[in-house]
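A short reminder: the numbers here are calculations on the coordinates, not readings from a lab. Because the structure is a prediction, the values reported are computed rather than measured. Neighbour counts are summed over all protein chains in view; Cβ atoms, including those assigned to glycine, are modelled from backbone coordinates with ideal geometry.
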C-alpha cells in the first residue's frame, strides 16, 4: 500500500472521530460534559439506516441521523440543564439507553438482533461528501467558537456563567443550543459509519465516541487540537490494521494499539490541561 492509500485510510478512519470531537468541544465549552458522544453516534447511525431503508435516499438518511442525535442530545440537555442532574451519570445513562433502544428497534423493524439489511450509501473515499464534511468539522467549529458572537457566548457560559448572565446572555439557551448542536455533529459520525458500511450493526460505534472524548481532552478543548488528536488516533488504528497480518506480535496486542495510545496521550495531558471553569457545574 502506497503513501496516498495510507493517508486516505487514515482520513476515512478519522472522519467519525472528527465529527464527534467537534461536537464534544462545543458542548464542553458551554459547560456540559460530553460523555454522551458514543450514544449520539449510535443513535445517529441507526436513524440514518432506518431513514435510508424506508426512503431509498441516503441524503434523507443523513437528515434522519442528525435528527436522531439531536433527540438524544435534547434529552441530555433537559436532564442536565432543566433538572440539574449529575452530568456524568446522565451521560452514562444516555449511552446505555442508545444501546438498548437501537437493539430493540433493530429487532422490531428488521427482525435481527445483530444487523440491518444493506442500504444505499455514498461513494467511497474522496467521493463521499461526508468525508469532506468530517474534515471541515473542526475548522468550522473553531471559526464558530472564536470568530462569532455565538461562540463568544458559548465560551463565556463555560467559563463564567454568572458574568455572562449579568450582561444579558441566556446561559441556559446557549447551553441548550450547544448541546443539541453537539448531538447533530456527533450523530454525523455515526451516519458516516453506517452509510460507509451500508448497514447498521449492534454497537457498531465500538467506543469511538469515548475516543473522541479523549481527543477533546487531549486537544485541551481546542477544536483544531482535538482534530489533530483524532488524526493521531486514526493513524494508530491504521497501523493496527496493517499489523494484523504480522504474526510476529500477537493479534491481541495489536488490537490494543489505539487504546494504549489514548491512555498514554491522556496521561501526558492530565494535570496540565485546563478545562472550562464551569464544566459539569449545574447552574440555577
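General observations
- Distance between segment 88-160 and segment 191-243 - C-alpha centres, whole angstrom: 11
- Prolate/oblate/rounded label for segment 176-222 (Cα gyration tensor, a/c 1.5): oblate
- The chain: angle of helix 87-110 to the longest principal axis, Cα-based, in degrees nearest 10: 40
- Separation in nanometres of the label points that stand 7 Å from Cα toward Cβ, at residue 140 and residue 124: 2.6
- Relative protection proxy for 27-35, 51-59, 112-120, 91-99, from highest mean packing down: 27-35, 91-99, 51-59, 112-120 (other beta-carbon atoms within 10 angstrom).
- Principal-axis analysis of the Cα atoms of the chain puts helix 37-55 at an angle of about 60° to the longest axis.
- When the Gaussian network model of the chain links Cα atoms closer than 10 Å, the mean-square fluctuations of 239, 187, 20 top out at 239.
- Cβ-Cβ FRET estimate between residue 172 and residue 6, R0 fixed at 41 Å, reported to 0.05: 0.35
- Segment 3-269: relative contact order as a whole-number percent, Cα under 8 Å and 6+ apart: 36
- Inter-centroid distance (Cα atoms) of segment 1-62 relative to segment 64-80, Å: 15
- The C-alpha atoms of the chain define a longest principal axis, and helix 257-269 lies at about 20 degrees to it.
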